[in-house]
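The values are calculated or read from the model by the stated rules, or taken from the named source; none is laboratory data. Everything numeric in this text was worked out from a predicted model, so none of it was measured. Please note: Cβ atoms are built from the backbone with ideal geometry, for glycine as well, and neighbour counts cover all protein chains shown.
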(Lines give C-alpha, C1' and ligand atoms only; values in the text may rest on other atoms or scores of the structure.)
Protein backbone atom coordinates (compact mmCIF):
# COMPACT_ATOMS: atom_id res chain seq x y z
CA UNK A 1 0.00 0.00 0.00
CA UNK A 2 1.17 3.51 -0.68
CA UNK A 3 -0.49 6.87 -0.35
CA UNK A 4 -0.47 10.41 -1.69
CA UNK A 5 -0.20 13.12 0.99
CA UNK A 6 -1.29 16.75 0.99
CA UNK A 7 -3.39 16.34 -2.13
CA UNK A 8 -6.76 17.54 -3.36
CA UNK A 9 -9.26 14.93 -4.52
CA UNK A 10 -12.22 15.73 -6.73
CA UNK A 11 -15.27 14.16 -5.09
CA UNK A 12 -17.06 13.27 -8.33
CA UNK A 13 -15.75 10.38 -10.43
CA UNK A 14 -15.07 10.48 -14.15
CA UNK A 15 -17.30 7.81 -15.67
CA UNK A 16 -16.56 6.29 -19.11
CA UNK A 17 -17.86 3.31 -21.10
CA UNK A 18 -21.08 3.01 -19.05
CA UNK A 19 -19.06 2.90 -15.84
CA UNK A 20 -16.79 0.07 -16.95
CA UNK A 21 -13.93 2.55 -16.70
CA UNK A 22 -13.98 5.12 -13.89
CA UNK A 23 -11.35 7.39 -12.42
CA UNK A 24 -10.80 10.03 -9.78
CA UNK A 25 -8.58 13.07 -10.07
CA UNK A 26 -5.85 13.70 -7.49
CA UNK A 27 -4.14 17.11 -7.63
CA UNK A 28 -0.71 17.66 -6.05
CA UNK A 29 0.67 20.77 -4.38
CA UNK A 30 2.70 21.68 -7.49
CA UNK A 31 -0.47 21.62 -9.63
CA UNK A 32 0.38 18.33 -11.34
CA UNK A 33 -2.21 15.60 -11.22
CA UNK A 34 -2.84 11.89 -11.50
CA UNK A 35 -5.98 9.83 -11.86
CA UNK A 36 -6.72 6.67 -9.90
CA UNK A 37 -9.03 4.37 -11.78
CA UNK A 38 -10.76 1.04 -12.16
CA UNK A 39 -11.27 -0.82 -15.43
CA UNK A 40 -13.74 -3.70 -15.62
CA UNK A 41 -13.09 -6.49 -18.16
CA UNK A 42 -13.68 -5.37 -21.75
CA UNK A 43 -11.97 -3.88 -24.81
CA UNK A 44 -11.35 -0.13 -24.89
CA UNK A 45 -9.63 2.48 -27.01
CA UNK A 46 -8.27 5.57 -25.29
CA UNK A 47 -6.81 8.79 -26.62
CA UNK A 48 -4.19 10.93 -24.90
CA UNK A 49 -3.65 14.67 -24.84
CA UNK A 50 -0.63 14.84 -22.50
CA UNK A 51 1.77 11.91 -22.41
CA UNK A 52 0.80 9.39 -19.73
CA UNK A 53 2.41 6.77 -17.54
CA UNK A 54 -0.05 4.04 -16.55
CA UNK A 55 0.85 1.91 -13.54
CA UNK A 56 -1.21 -1.12 -12.53
CA UNK A 57 -1.71 -1.90 -8.83
CA UNK A 58 -4.05 -4.87 -9.46
CA UNK A 59 -5.50 -6.81 -12.38
CA UNK A 60 -4.31 -7.80 -15.82
CA UNK A 61 -4.63 -6.11 -19.20
CA UNK A 62 -3.19 -6.36 -22.68
CA UNK A 63 -2.12 -3.10 -24.26
CA UNK A 64 -1.51 -2.15 -27.88
CA UNK A 65 0.66 0.94 -27.88
CA UNK A 66 0.86 3.43 -30.76
CA UNK A 67 3.06 2.11 -33.57
CA UNK A 68 3.16 -1.41 -32.11
CA UNK A 69 1.67 -4.49 -33.77
CA UNK A 70 1.79 -6.85 -30.80
CA UNK A 71 -0.37 -6.70 -27.70
CA UNK A 72 1.69 -6.72 -24.51
CA UNK A 73 0.53 -8.25 -21.21
CA UNK A 74 0.57 -5.92 -18.21
CA UNK A 75 0.04 -7.20 -14.67
CA UNK A 76 0.02 -5.74 -11.18
CA UNK A 77 3.32 -3.92 -10.65
CA UNK A 78 3.82 -3.23 -14.37
CA UNK A 79 3.52 0.12 -16.13
CA UNK A 80 3.74 1.58 -19.62
CA UNK A 81 4.07 5.03 -21.15
CA UNK A 82 1.88 6.49 -23.89
CA UNK A 83 2.97 9.49 -26.01
CA UNK A 84 0.92 12.70 -26.15
CA UNK A 85 -1.85 13.01 -28.76
CA UNK A 86 -2.05 9.32 -29.51
CA UNK A 87 -4.44 6.40 -29.28
CA UNK A 88 -3.94 3.05 -27.61
CA UNK A 89 -5.96 -0.11 -27.10
CA UNK A 90 -6.53 -1.98 -23.85
CA UNK A 91 -8.12 -5.40 -23.34
CA UNK A 92 -8.89 -5.80 -19.66
CA UNK A 93 -8.64 -9.47 -18.65
CA UNK A 94 -9.16 -8.99 -14.90
CA UNK A 95 -10.58 -6.05 -12.94
CA UNK A 96 -7.72 -3.58 -12.90
CA UNK A 97 -6.74 -0.83 -10.48
CA UNK A 98 -4.49 1.77 -12.09
CA UNK A 99 -2.73 5.07 -11.49
CA UNK A 100 -2.27 7.39 -14.46
CA UNK A 101 0.35 10.14 -14.31
CA UNK A 102 0.07 12.97 -16.82
CA UNK A 103 3.36 14.36 -18.08
CA UNK A 104 3.04 18.00 -18.97
CA UNK A 105 6.02 19.98 -20.21
CA UNK B 1 -18.08 19.48 -8.60
CA UNK B 2 -16.54 19.69 -5.16
CA UNK B 3 -13.20 18.63 -3.81
CA UNK B 4 -11.43 17.58 -0.62
CA UNK B 5 -8.28 19.57 0.18
CA UNK B 6 -5.19 18.67 2.20
CA UNK B 7 -6.06 15.01 2.31
CA UNK B 8 -4.20 11.72 2.00
CA UNK B 9 -5.40 9.24 -0.59
CA UNK B 10 -4.52 5.57 -0.52
CA UNK B 11 -3.28 4.66 -3.99
CA UNK B 12 -4.69 1.10 -4.02
CA UNK B 13 -8.44 0.64 -4.42
CA UNK B 14 -10.64 -1.54 -2.22
CA UNK B 15 -12.21 -4.10 -4.56
CA UNK B 16 -15.41 -5.96 -3.63
CA UNK B 17 -17.89 -8.20 -5.48
CA UNK B 18 -15.46 -8.98 -8.34
CA UNK B 19 -14.85 -5.28 -8.89
CA UNK B 20 -18.54 -4.39 -9.21
CA UNK B 21 -18.07 -2.29 -6.08
CA UNK B 22 -14.79 -0.42 -5.61
CA UNK B 23 -13.74 2.39 -3.32
CA UNK B 24 -10.79 4.57 -2.41
CA UNK B 25 -9.91 5.82 1.06
CA UNK B 26 -9.48 9.55 1.69
CA UNK B 27 -8.01 10.54 5.07
CA UNK B 28 -8.50 14.05 6.49
CA UNK B 29 -6.14 16.10 8.63
CA UNK B 30 -8.10 15.26 11.80
CA UNK B 31 -7.68 11.53 11.13
CA UNK B 32 -11.29 11.02 10.03
CA UNK B 33 -11.86 9.38 6.69
CA UNK B 34 -14.28 8.87 3.85
CA UNK B 35 -14.38 6.48 0.94
CA UNK B 36 -15.22 7.47 -2.64
CA UNK B 37 -16.66 4.58 -4.58
CA UNK B 38 -18.35 3.22 -7.67
CA UNK B 39 -21.09 0.61 -7.71
CA UNK B 40 -22.01 -1.18 -10.94
CA UNK B 41 -25.59 -2.43 -11.40
CA UNK B 42 -26.35 -5.43 -9.19
CA UNK B 43 -27.72 -6.46 -5.80
CA UNK B 44 -25.47 -6.22 -2.77
CA UNK B 45 -25.57 -6.61 0.99
CA UNK B 46 -23.18 -4.54 3.07
CA UNK B 47 -22.32 -4.58 6.76
CA UNK B 48 -21.24 -1.58 8.81
CA UNK B 49 -18.85 -1.30 11.72
CA UNK B 50 -19.02 2.48 12.30
CA UNK B 51 -22.21 4.33 11.41
CA UNK B 52 -22.10 5.63 7.84
CA UNK B 53 -23.59 8.42 5.76
CA UNK B 54 -23.78 7.48 2.09
CA UNK B 55 -24.17 10.34 -0.40
CA UNK B 56 -24.75 9.72 -4.10
CA UNK B 57 -23.14 12.03 -6.67
CA UNK B 58 -24.39 10.05 -9.70
CA UNK B 59 -26.54 7.02 -10.43
CA UNK B 60 -29.59 5.44 -8.90
CA UNK B 61 -30.01 2.75 -6.26
CA UNK B 62 -32.70 1.29 -4.05
CA UNK B 63 -31.76 0.79 -0.42
CA UNK B 64 -33.27 -1.39 2.30
CA UNK B 65 -32.15 0.03 5.61
CA UNK B 66 -32.01 -1.97 8.86
CA UNK B 67 -35.47 -2.40 10.38
CA UNK B 68 -37.24 -1.14 7.24
CA UNK B 69 -39.51 -3.26 5.07
CA UNK B 70 -39.68 -0.98 2.03
CA UNK B 71 -36.91 -0.29 -0.46
CA UNK B 72 -36.28 3.42 -0.91
CA UNK B 73 -35.07 5.00 -4.15
CA UNK B 74 -31.90 7.08 -3.90
CA UNK B 75 -30.73 9.28 -6.77
CA UNK B 76 -27.88 11.69 -7.39
CA UNK B 77 -27.95 14.33 -4.63
CA UNK B 78 -29.64 12.01 -2.12
CA UNK B 79 -28.08 10.42 0.93
CA UNK B 80 -28.95 8.04 3.74
CA UNK B 81 -27.49 7.05 7.09
CA UNK B 82 -26.82 3.53 8.32
CA UNK B 83 -26.34 2.69 12.01
CA UNK B 84 -23.16 1.05 13.32
CA UNK B 85 -22.92 -2.75 13.33
CA UNK B 86 -25.81 -3.31 10.96
CA UNK B 87 -26.56 -4.72 7.53
CA UNK B 88 -28.27 -3.08 4.60
CA UNK B 89 -29.21 -4.01 1.07
CA UNK B 90 -28.58 -2.03 -2.10
CA UNK B 91 -29.94 -2.69 -5.58
CA UNK B 92 -27.94 -0.58 -8.02
CA UNK B 93 -30.10 0.45 -10.99
CA UNK B 94 -27.57 2.74 -12.70
CA UNK B 95 -23.80 3.02 -12.26
CA UNK B 96 -23.45 4.98 -9.04
CA UNK B 97 -20.76 7.29 -7.71
CA UNK B 98 -20.88 7.64 -3.94
CA UNK B 99 -19.13 9.18 -0.96
CA UNK B 100 -19.26 7.31 2.33
CA UNK B 101 -18.54 9.15 5.57
CA UNK B 102 -17.73 7.07 8.66
CA UNK B 103 -19.03 8.44 11.94
CA UNK B 104 -16.81 7.45 14.81
CA UNK B 105 -17.56 8.59 18.33
With (1) within 13 Å of another protein chain (Cβ to nearest Cβ); (2) surrounded by fewer than 18 Cβ atoms within 10 Å (Cβ to Cβ) as the list, and residue A:100 as the residue in question, which single condition is left unmet?
(2)
All-but-one check, residue B:72 against (1) over 13 Å from the mean Cα position of the chain (by Cα); (2) under 20 Å from residue A:21 (Cβ atoms), failing number (2)
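Grab the strands (runs of 3 or more DSSP E) fully contained in segment A:4-50, keeping just those with 2 or more residues being facing another protein chain (nearest Cβ under 7 Å). Write out each step before concluding.
Details: elements: A:14-16, A:21-27, A:33-39, A:42-47.
Result: A:21-27, A:33-39.
Quick one: count up the residues across segment B:51-78 that are within 14 Å of chain A (Cβ to nearest Cβ), surrounded by fewer than 16 Cβ atoms within 10 Å (Cβ to Cβ) and not in a loop (DSSP other than H, G, I, E, B). Lay out the reasoning, then the answer.
Looking only at segment B:51-78, we keep the residues that are within 14 Å of chain A (Cβ to nearest Cβ), and these are B:53-61, B:76-77.
With surrounded by fewer than 16 Cβ atoms within 10 Å (Cβ to Cβ) added as a condition, the list becomes B:53, B:76-77.
Still in the running and not in a loop (DSSP other than H, G, I, E, B): B:53.
Looking only at that region, the number is 1.
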Kindly indicate whether residue B:81 is modelled with pLDDT of 95 or more, within 13 Å of the chain's Cα centre (by Cα) and either surrounded by fewer than 16 Cβ atoms within 10 Å (Cβ to Cβ) or not in a strand (DSSP E or B) (or both).
yes
